[in-house]
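One structure below.
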Amino acid sequence: MSETASDAVSARKPVRMCVRCSRITDAPVLVAEVHQNSGPGFNVYACRECAPHFPPVPDVFDLLPPARERAGGER
């Protein structure tokens, strides 16, 4: 056994199932993040061929209104 534990971990590729075509891919693309109130959320992946069929994942901070609007106006 000439391979160390750190070498084995670094050589492992991510393997995920595509949400659109259900194929297993070793080059997954993140297409959605699902947030949940009652537990941990999860990421949704697609293969490189199906990924262009999904809209880009929005930045969470772009979804929030500006701080002034959240605070009820200027003070």
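Just so you know, all these numbers are worked out from the coordinates, no wet-lab data involved. For clarity, every value in this text was computed on a predicted model and none was experimentally measured. Here Cβ is always computed from backbone atoms with ideal geometry, including for glycine, and neighbour counts include all displayed protein chains.
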**Request:** Enumerate the amide H contacts of residue 20 below 5 Å, restricted to partners 5 or more residues apart or on another chain; note that Pro and chain-start residues carry no placed amide H.
**Result:** 47
**Complete:** Sorted on mean Cβ neighbours within 10 Å (highest first), peptides 16-23, 51-58 come out as 16-23, 51-58
